[in-house]
Structure formats: C-alpha cells, structure tokens
Amino acid sequence: MWCVWQTCKRCICLIARNKAYFLLLNAAGGTLPFCDVVYLADVVCQIHHITKTHCEERSDEESKKHTHREAFMNISKPILVTGSHRSGTTWVGRMLASSPSVGYIHEPFNLTHRPGICTAKFPYWFTYITEENEAPYYQALKNTLAYRFSIRAEIPAIQSFRHVGRMLKNYKNCSLYRFHHAVPLMKDPIALFSSEWLAQRFDMNVIILIRHPAAFTSSLRRLNWTHNFSHFLNQPLLMRDYLAPFETEIRAFAQTEHDILEQATLLWRIIHHLILRYQEKHKDWIFLRHEDISADPLHHFEYLYKRMDLPFTDKAKQVIEDYSSEDNPTEAPKGHTLVKRNSKSNIKSWRKKFTEAELAHLRTEVEEISHKFYSDADW
C-alpha cells in the first residue's frame with residue numbers, strides 16, 4: 001500500500017507551490033494563521049496514526065484472508081443507490097456502507113462534488129450518459145469506482161485549510177477502501193438518468209428508491225430547492241430518449257419561473273416516469289419505496305444485504321436500529337446530512353404541511369403516474 005504519510009507531506013508541498021494557494025496567502029496578508037497551521041498538522045498526524053495503526057493491525061489478518069477476499073471480489077459487483085432525491089438514498093447508502101466490506105462514494109454526479117473524488121466535470125444537473133456521449137466521463141468514473149483519488153484535481157479547488165483537511169480525509173478513505181478491496185457503493189440520485197449506462201458499463205447492482213409525491217414535494221418546498229429545467233432541454237439525447245412526453249411543460253418551466261411546489265410536482269412526474277420505464281426493462285434491479293423501508297427497516301435492509309452478498313452482522317443491525325429508532329426525532333434539520341430519525345413517524349409527516357386543497361391539486365397532477373406506486377390508502 002502506498003504510504004499515506006509520505007503522500008500527506010507531498011500534498012502540503014504541492015499546495016505550497018500551487019498558484020491558488022499563493023492567492024489565498026496574498027488575500028490573508030501573506031501569512032499563515034497559527035490556528036490553521038495547528039489544524040493542518042493535527043489532521044496530517046491523525047491520518048498518519050489512524051492509517052498506520054489500522055494497516056498494521058490488519059496486515060496479518062489480510063494475508064490470511066487473501067484467497068477469500070479475492071473470491072469475494074469476483075462475485076461482488078459495485079452498487080448504485082439512486083432514485084429520486086429526498087427519497088432516502090443517503091440513509092440506504094450509509095446503512096449498507098456500515099458493512100466493512102463496502103466503500104461509500106458520495107454523489108459524483110453532483111455539480112458541487114469534490115474533484116479529487118471524481119475528475120469528470122458534469123455540465124448539468126441529472127447529466128444523461130450513454131455510449132454516444134460517454135467519452136468525457138468513462139475513465140473518470142472508472143477511477144472513482146476504483147477509489148483513485150486525484151490530488152492533482154483536488155488542489156486547485158482548495159480555498160481554505162479546512163478543504164485541505166477534507167482532501168486528506170478523502171484520500172485516507174479512498175486508500176483504505178482500495179487496500180481492503182471494498183465493494184464500491186455509489187450513492188447518487190443525480191445519476192438516475194444515467195443508471196442504465198452505469199449498470200452496463202461497470203456491471204453494477206442497482207437499487208432505486210421511490211418516494212410519495214407529497215413527501216417529495218413538501219421536502220423540496222421546505223428546503224427551497226428549485227430546479228433549472230433548461231438543464232433537461234440542453235441535453236438532446238435525454239429529451240430524445242426519455243423526456244419527449246414532457247417537452248412542452250419543460251420548455252414552459254424553463255422560460256418562466258414557476259412556484260416551487262409546481263416545480264417539484266413536475267420533477268416528481270419526470271423522475272417517476274423514468275423509474276416506471278426502468279421497472280419494465282430491468283427485472284433484476286431492486287425498486288423500493290421509502291415508506292416501506294421506513295416502516296420496517298431491519299426487514300428491508302436484511303433483504304438488501306442478502307441481495308448485495310453482504311454479511312448482515314449484529315453491528316449492522318445496531319447501526320440500522322440507531323438511525324431509525326422511535327426515540328429519534330421525526331424531522332431533520334434543514335440540509336441533506338444524514339441524521340437519526342424516527343423512520344415510522346416520518347412516513348406521513350407531510351400531512352401537516354399541506355392544505356386539503358393543495359393535496360387534492362397535487363394528487364390530480366401526479367395521479368397518472370403515482371397510482372402505479374401508491375393506492376388511495378397512501379394518501
């Protein structure tokens with residue numbers, strides 16, 4: 001394994017020579033704040049200690065299990081956890097990644113992803129990749145799934161010593177994942193439209209999550225997450241292959257800004273129209289409703305662990321119970337960081353966030369698609 005300590009020192013030298021770093025120094029008066037020096041030194045020392053200790057402890061065990069590990073890798077495919085955003089993809093991804101056999105990769109298709117994790121530059125939200133336009137993305141995503149962290153790509157994006165700390169942490173994680181031959185798990189709802197290409201190109205197991213339209217739209221309204229629909233129009237391959245039935249509406253929403261609830265409604269219809277197409281074409285993929293997992297987390301995660309060829313250990317069960325316990329709060333604070341919640345009470349928490357008129361209008365708008373996933377009882 002490449003020595004992480006030597007690489008950390010190399011990172012610091014590279015940063016010191018980087019043009020962006022000098023711009024930061026100039027803005028700060030040409031001096032390094034003492035607190036930042038202490039923070040950076042602490043991060044480097046922690047990474048050196050953790051990685052060195054972990055590798056020493058596991059070296060003998062790994063050598064004994066080498067044959068078993070190679071066999072495991074031959075049958076374990078990379079995992080894609082996707083679906084609509086706000087559908088529990090982070091929760092599901094993190095719970096599966098609580099297995100020591102899995103390495104977690106967070107949203108490389110996100111326009112704000114760290115370039116060291118994935119060097120590809122995605123021009124649009126929900127970038128659609130096929131064999132026709134794969135050239136700028138294939139090698140970068142292949143490296144991402146192989147945990148090849150790019151220090152060269154990350155350095156120009158560094159704007160503070162906190163970013164340096166994050167870079168070293170990400171590098172450490174990728175190094176350990178690669179050392180232990182962890183099964184890559186890509187959690188990314190923004191990759192939904194490219195799921196077929198990812199599954200075909202990288203032989204991935206695919207898990208797609210579905211969310212009730214009222215829960216999805218209320219979540220986007222609470223977070224004030226708008227969407228630029230021109231990102232769909234600017235992808236002719238996507239419009240041709242999947243979104244032609246929505247072209248008139250998409251153009252109207254791209255030309256004139258609509259109410260966030262209307263935006264969320266159209267986005268739910270587009271996303272779940274695609275999911276229905278996937279269900280028809282890919283019988284080997286896993287499709288799960290967020291509400292079903294929330295109602296009985298242990299049962300559904302045991303099923304997912306089995307389908308992914310992962311051991312469902314007592315530790316995994318404890319983590320799942322901790323993050324879905326009835327002792328946890330129902331609502332999460334604003335943001336998308338994984339937090340512990342009462343999964344059962346969260347299922348229909350959206351009821352308190354709509355008027356009767358809003359719910360009736362929403363159901364009318366989505367019913368053509370939503371009835372394939374949700375019955376009258378779910379409303």
- prompt: Where does the stretch 110-234 land on the Kirkwood hydrodynamic radius, alpha-carbon pairs, in angstrom?
  reply: 16.5 Å
message: Starting from 0.36 nm per residue, how many nanometres of slack lie between Lys348 and His361 once their C-alpha separation is accounted for?
response: 2.9 nm
- prompt: What relative contact order, as a whole-number percentage, does the stretch 284-379 give when Cα pairs under 8 Å and 6 or more residues apart are counted?
  reply: 21 percent
- request: Extending each Cα 7 Å along its Cβ direction at Arg152 and Lys121, get the distance between those two points in nm, one decimal.
  value: 1.6 nm
message: Suppose the chain between Lys315 and Asp327 were pulled fully straight at 0.36 nm per residue; how much longer would it get relative to their current alpha carbon spacing?
response: 2.4 nm
query: Quick one: which of 90-96, 197-203, 371-377, 283-289 comes out on top by average Cβ neighbours within 10 Å, and what's the full order, highest first?
result: 90-96, 197-203, 283-289, 371-377
- prompt: Taking the stretch 80-168, how much of its Cα-Cα pair set, in percent, is spaced more than 16 angstrom apart?
  reply: 62 percent
- line: To the nearest 20 debye, the stretch 82-153 has a Cα-centred charge dipole, built from +1 on Lys and Arg Cβ and -1 on Asp and Glu Cβ, of 340 debye
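Just so you know, all these numbers are worked out from the coordinates, no wet-lab data involved. Everything numeric in this text was worked out from a predicted model, so none of it was measured. Cβ coordinates were reconstructed from backbone atoms using ideal geometry, including for glycine residues, and neighbour counts include every protein chain displayed.
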